[in-house]
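First up is the structure itself, then whatever we jot down about it.
The values are calculated or read from the model by the stated rules, or taken from the named source; none is laboratory data. All of these numbers come straight from a predicted model, not from anything done at the bench. As a convention, Cβ positions derive from the backbone with ideal geometry for all residues, glycine included, and neighbour counts pool all protein chains shown.
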């Protein structure tokens, strides 16, 4: 494997990991407040189709992003209303949201099947983009790759260093205690769910505006589910999520590159690589925390009714 | 996905039940592996279904279930279609073979037709496209167009159909360019635009400049267009995705067969058979051959197409050696259709091993 190929592989790994990163970041915040939203795939597909249609209609990929975030939020509000207001089962509602989003996106997207757009182009950064290897791997991406990294840093800071982060944690760990000290639990959860929706929309838009600039039914092909798993493997830590997303990207690229190089390993085995790699690394990373099990937010998946006592 | 199929199936049941009261039209059901909007394999089957409806008008009623996973789920969907009064059911992916056979045994009065498989029974026939004919022309074009002498093949699953077409493409490329080599990447999916893009890029990173694909989305074409390389469209006319990179698309047309079989079952003359359709039956064609091709390439494409269509040339005519040096097609022999359905070797010159 020569240096050019390694450069290309790392470059592709970051690109592949980016949509996962968006979704996993959003879902992590959502889950930190105790809400498990399995509707990622549905919100992602809606983000992809609406983002594509907005970008196609206006000729401006920026509107595509905006549209994708908005539809993600609308979708998540439907979910929020059902599980937060009406206390519906989160797992079932999330699954329903995925099915709904998959079908609806196929329905509204049928008019733009077969169209293409320019999408987001890589940005050139003076000096940095020209660096050998590093320039190609890190500094010749499109805007969204950088946006994902910036968002990860901001989210990590908010979650770990600010009062907002504490509030989120309080709501997720013990909503009744949080309620008792005057935190509006449902409002916090609504906001977190909407944030998750917007991020899923972004992840979807990354697929339809950058990765494969087109719309076809079910184009996310299960990435929403992978992102969900990623959050768990990363034990809800932002740093681990970033690492896990790129690692997953690397593993899924490697399995294709190795085949091209003539490795005669079963492709089924190679296709497992991303999943195995994610699991292994997450286990190693969290080894010293094994005793704390998975570090899941304590109220995850449980509805909150302020009238009931814990 | 499971739930979705189930819901779609239930929806169909309800719809079909309501319609039955009026008259009693002949009912035809279709099972697709991908979405009808894939602009590839399933899209073309659905186009065939629509042509069928147009042809028979009120006399028939068609329903379809899309996005059906290969495996246990398929059996349930096919059973539902059979139970809901369909007289004829087309299941359109290799992985539906065993489920279709099982259901066919339970519903002896319903006729089943399975695409690309090799198992048949009293009430189950198979039909398949001679995709290797399209692949041979693709290989000729790829062999002439490549400047790096490296062409790439994005494979779905290592089943005989795909392996046969890899061989066909490679023999064709070799016939016009003795120095050509081929890199093969398996993505383990018929349809995953993201993964197909990754595979296309991984191949181009390793020097490939013409891409062939045996997966169903136009993603590899888009990837090739972005990097100024070439690619050949699969199953459906995919030229709009890559105006410059697109060489041509090998387009499937199932309508002639769907009309023929439906008519036969209606008339009571149906006999299960193993049907093969290709250039000759106009069930395969070359769509949107790019105007930007060099004249000699274009001429060779037309010539090869005509020779295969007329039956003058068959890609699997001996002597052919596999890549371990054994003679797999003897001199003077042309593979029969049964043999074509069982190809499990790579031809001489392909350095890979078939994944097991």
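Under 18 Å from residue A:216 (Cα atoms) and either more than 12 Å from chain A (Cβ to nearest Cβ) or modelled with pLDDT of 95 or more (or both): is that true of residue B:246 in this structure? Judged against the criteria, residue B:246 is not a match. Residues that are under 19 Å from residue B:34 (Cα atoms) and surrounded by 24 or more Cβ atoms within 10 Å (Cβ to Cβ) were ranked within the stretch B:182-191; the one that is nearest to the other protein chains (Cβ to nearest Cβ) is B:186.
Screening the stretch B:249-356 for helices (runs of 4 or more DSSP H) wholly inside it with 3 or more residues that are assigned by TED's automatic domain parsing to the domain that holds residue B:184 and over 30 Å from residue B:87 (Cβ atoms) returns the ranges B:295-310. Screening residue A:206 with (1) surrounded by 24 or more Cβ atoms within 10 Å (Cβ to Cβ); (2) modelled with pLDDT of 85 or more; (3) assigned to a loop (DSSP other than H, G, I, E, B) gives one miss only, at (3).
Residues in the stretch B:204-216 that are touching a residue at least 40 places away in the same chain (Cβ under 8 Å) and either at the interface with chain A (Cβ under 9 Å from one of its Cβ atoms) or not in a strand (DSSP E or B) (or both): B:204, B:206, B:207, B:208, B:209, B:214, B:215, B:216.
Filtering A:234, A:229, A:221, A:251 for residues that are within 20 Å of residue A:207 (Cα to Cα) and more than 12 Å from chain B (Cβ to nearest Cβ) leaves a single hit, A:229. Criterion first (over 16 Å from residue B:169 (Cα atoms), within 14 Å of another protein chain (Cβ to nearest Cβ) and surrounded by fewer than 19 Cβ atoms within 10 Å (Cβ to Cβ)) does residue B:295 satisfy it? It is false that residue B:295 is over 16 Å from residue B:169 (Cα atoms), within 14 Å of another protein chain (Cβ to nearest Cβ) and surrounded by fewer than 19 Cβ atoms within 10 Å (Cβ to Cβ).
Using the structure shown, decide if residue B:273 is touching a strand residue (DSSP E or B) at 6+ places or on another chain (Cβ under 8 Å), surrounded by fewer than 14 Cβ atoms within 10 Å (Cβ to Cβ) and touching a residue at least 40 places away in the same chain (Cβ under 8 Å). Yes: the conditions hold for residue B:273. Given the condition within 14 Å of chain A (Cβ to nearest Cβ), at pLDDT below 95 and surrounded by fewer than 17 Cβ atoms within 10 Å (Cβ to Cβ), answer yes or no: does some residue in the stretch B:56-69 qualify? Scanning the stretch B:56-69 turns up at least one residue that is within 14 Å of chain A (Cβ to nearest Cβ), at pLDDT below 95 and surrounded by fewer than 17 Cβ atoms within 10 Å (Cβ to Cβ). When A:7, A:18 are checked against the criterion of being buried (at least 24 other Cβ atoms within 10 Å of the Cβ) and either assigned to a helix (DSSP H, G or I) or under 18 Å from the mean Cα position of the chain (by Cα) (or both), a single residue qualifies: A:18.
Would you mind finding the one in A:48, A:55, A:68 that is in a helix (DSSP H, G or I) and either within 14 Å of chain B (Cβ to nearest Cβ) or more than 22 Å from residue A:221 (Cβ to Cβ) (or both)?
A:48
So for the stretch B:132-140 (the condition being away from every other protein chain (no Cβ under 14 Å), in contact (Cβ under 8 Å) with a residue 60 or more places away in the chain and more than 19 Å from residue B:293 (Cα to Cα)), does at least one residue qualify? Among the residues of the stretch B:132-140, at least one is away from every other protein chain (no Cβ under 14 Å), in contact (Cβ under 8 Å) with a residue 60 or more places away in the chain and more than 19 Å from residue B:293 (Cα to Cα), which makes the answer yes. Of all residues in the stretch B:26-53, exactly one satisfies the criterion of being away from every other protein chain (no Cβ under 14 Å), farther than 15 Å from residue B:81 by Cβ and touching a strand residue (DSSP E or B) at 6+ places or on another chain (Cβ under 6 Å), namely B:53. Checking the stated criteria, residue B:137 turns out not to satisfy the condition of being within 19 Å of the chain's Cα centre (by Cα), assigned to a loop (DSSP other than H, G, I, E, B) and crowded, with 24+ Cβ neighbours inside 10 Å. Among the residues making up the stretch A:115-128, those that are facing chain B (nearest Cβ under 10 Å) and crowded, with 19+ Cβ neighbours inside 10 Å are A:116, A:119. Which of the following residues is touching a residue at least 40 places away in the same chain (Cβ under 8 Å) and more than 21 Å from the chain's Cα centre (by Cα): A:159, A:177, A:152? Answer to the check: A:177. Of all the criteria given as (1) closer than 24 Å to residue A:216 by Cβ; (2) surrounded by fewer than 20 Cβ atoms within 10 Å (Cβ to Cβ); (3) touching a helix residue (DSSP H, G or I) at 6+ places or on another chain (Cβ under 9 Å), the one not satisfied by residue A:38 is (2).
Just one of the listed residues (A:28, A:12, A:24, A:92) is within 14 Å of chain B (Cβ to nearest Cβ), closer than 23 Å to residue A:234 by Cα and assigned to a helix (DSSP H, G or I), and it is A:12.
Would you check if residue A:214 is in contact (Cβ under 8 Å) with a residue 60 or more places away in the chain and either touching a strand residue (DSSP E or B) at 6+ places or on another chain (Cβ under 8 Å) or within 10 Å of chain B (Cβ to nearest Cβ) (or both)? Criteria met by residue A:214.
Return yes or no: is residue B:179 away from chain A (no Cβ under 12 Å) and in a helix (DSSP H, G or I)?
Judged against the criteria, residue B:179 is not a match.
For the stretch B:217-233, state whether one or more residues are assigned to a strand (DSSP E or B), at pLDDT 95 or above and within 14 Å of another protein chain (Cβ to nearest Cβ). Taking every residue of the stretch B:217-233 in turn, at least one turns out to be assigned to a strand (DSSP E or B), at pLDDT 95 or above and within 14 Å of another protein chain (Cβ to nearest Cβ).
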